[in-house]
Amino acid sequence: MQQARAWLERASRVTVLAGAGLSAESGIPTFRGTGGLWRQFRAEELATPQAFARDPKLVWEWYDWRRVRIAQAGPNPGHRALAELEKKIPAFALVTQNVDGLEEQAGCHSVIRLHGDIWILRCLACGRERRDRTAPLPVLPPACSCGGLERPGVVWFGEPLPNAAWSAAEDAAAGAEVMLVVGTSVVVYPAAGLVWNARQSGAKLIEINLEETALSPEADCSLRGKAGEILPRLLL
Ligand code: NAD
């Protein structure tokens, strides 16, 4: 912890890669691990274009359930610690795989959203996007004003990441002196690959996770525990 704190104090370029574990203490279930199941389905069975094509109502029921959970939640001390860190670091980026928007709610500005935004609805017919925080949604699946079917504005397994977000994330990873890897299982690619880009460019890798991950043996410092407890202590 002491060593990691010293690296952060000296750094002027810090990139955070965040995953579902960052929001776990806000009461939002992660995909893997305890609470990762919804009804009898795994996330990987629902967060795909194929699942949506097969049964849009079922997929929307799951997203609607998640939207309700997120609407009831708020940022936790982990999110707030990152917002504080951002104020101190000249070149800071928070690359997030989360879709809940709690980073911005905590006051973070430099957020790079790799997997989209659960509050955006996108029409499959005309492509129009709209932000709608109604939760639960009154009708599932929701429809656009053109009559087309809307989908959640998130990136599903097997879909490409948004170009602009991905290139900003690659730059932030390659330019970092320190990368903080928080609450991610580091198994969802290409996002997980950013840690190796950062390592190649000489960044110190500091991991914060409840459990051991594929990154743990490679990290310069691996801190085991809850993000909401470790981040505030680390960034004192
Ligand atoms: P994941 O579910 O695969 O892994 C979560 C990781 O967080 C695990 O390694 C777990 O050990 C760790 N963890 C759990 N609670 C923690 C805590 N309190 N403190 C620190 N670590 C904790 O999540 P992922 O790696 O982000 O990848 C899966 C995909 O899930 C992403 O694409 C993301 O879009 C999506 N997702 C997003 C949300 C959200 O927006 N809040 C929630 C679930 C899943």
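Results, tabulated for the structure shown:
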quantity	calculated
Every pair of residues 6+ apart whose Cβ atoms lie under 7 Å, when the first sits in region 165-191 and is not assigned by TED's automatic domain parsing to the domain that holds VAL99 while the second is open to solvent by 10 Å² or more (accessible area, probe 1.4 Å)	none
Evaluation of LEU46 against (1) touching a residue at least 24 places away in the same chain (Cβ under 8 Å); (2) of a type outside the set (Ser, Thr, Tyr); (3) buried (at least 17 other Cβ atoms within 10 Å of the Cβ) (one fails), failing number	(1)
Unique residue being without any contact (Cβ under 8 Å) to a residue 24 or more places away in the chain, out of contact with any Phe, Trp or Tyr (no Cβ under 8 Å at 6 or more places or on another chain) and farther than 23 Å from ALA11 by Cα when the list is PRO138, PRO75	PRO138
Which listed residue is surrounded by fewer than 19 Cβ atoms within 10 Å (Cβ to Cβ), more than 11 Å from the ligand (Cβ to nearest atom) and touching a residue at least 24 places away in the same chain (Cβ under 8 Å), from ARG233, ARG199	ARG233
Residue within region 10-24 that is modelled with pLDDT under 95 and open to solvent by less than 30 Å² (accessible area, probe 1.4 Å) present	no
Any pair with Cβ under 8 angstrom, 6 or more apart, that starts in region 15-40 at a residue that is outside the structural domain of PRO90 (by TED's automatic domain parsing) and more than 6 Å from the ligand (Cβ to nearest atom) and ends at one that is open to solvent by less than 60 Å² (accessible area, probe 1.4 Å) and of a type in the set (Ser, Thr, Tyr)	GLY36/THR30
Single unsatisfied condition, PRO136 versus (1) over 22 Å from GLY101 (Cβ atoms); (2) open to solvent by 40 Å² or more (accessible area, probe 1.4 Å)	(1)
Cβ-Cβ under 8 Å pairs, at least 6 apart or on other chains, region 209-230 side on the phi > 0 side of the Ramachandran plot, far side assigned to a loop (DSSP other than H, G, I, E, B) and open to solvent by 70 Å² or more (accessible area, probe 1.4 Å)	GLY225/LEU210
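Residue by residue, here is whether (1) out of contact with any Leu (no Cβ under 8 Å at 6 or more places or on another chain); (2) assigned by TED's automatic domain parsing to the domain that holds SER12; (3) without any contact (Cβ under 8 Å) to a residue 40 or more places away in the chain; (4) within 12 Å of the ligand (Cβ to nearest atom) holds:
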site: GLU86; (1), (2), (3), (4): no, yes, yes, no
site: ALA93; (1), (2), (3), (4): yes, yes, no, no
site: ASN98; (1), (2), (3), (4): no, yes, no, yes
site: GLY101; (1), (2), (3), (4): yes, yes, yes, yes
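The values are calculated or read from the model by the stated rules, or taken from the named source; none is laboratory data. What you see is a predicted model, and the numbers here were worked out from it, not measured in a lab. Cβ: placed from backbone, ideal geometry, glycine included. Neighbour counts: every protein chain shown. Protein only, heavy atoms only, side chains kept; ligands, DNA and RNA dropped before computing areas. Shrake-Rupley method; radii C 1.70, N 1.55, O 1.52, S 1.80 Å.
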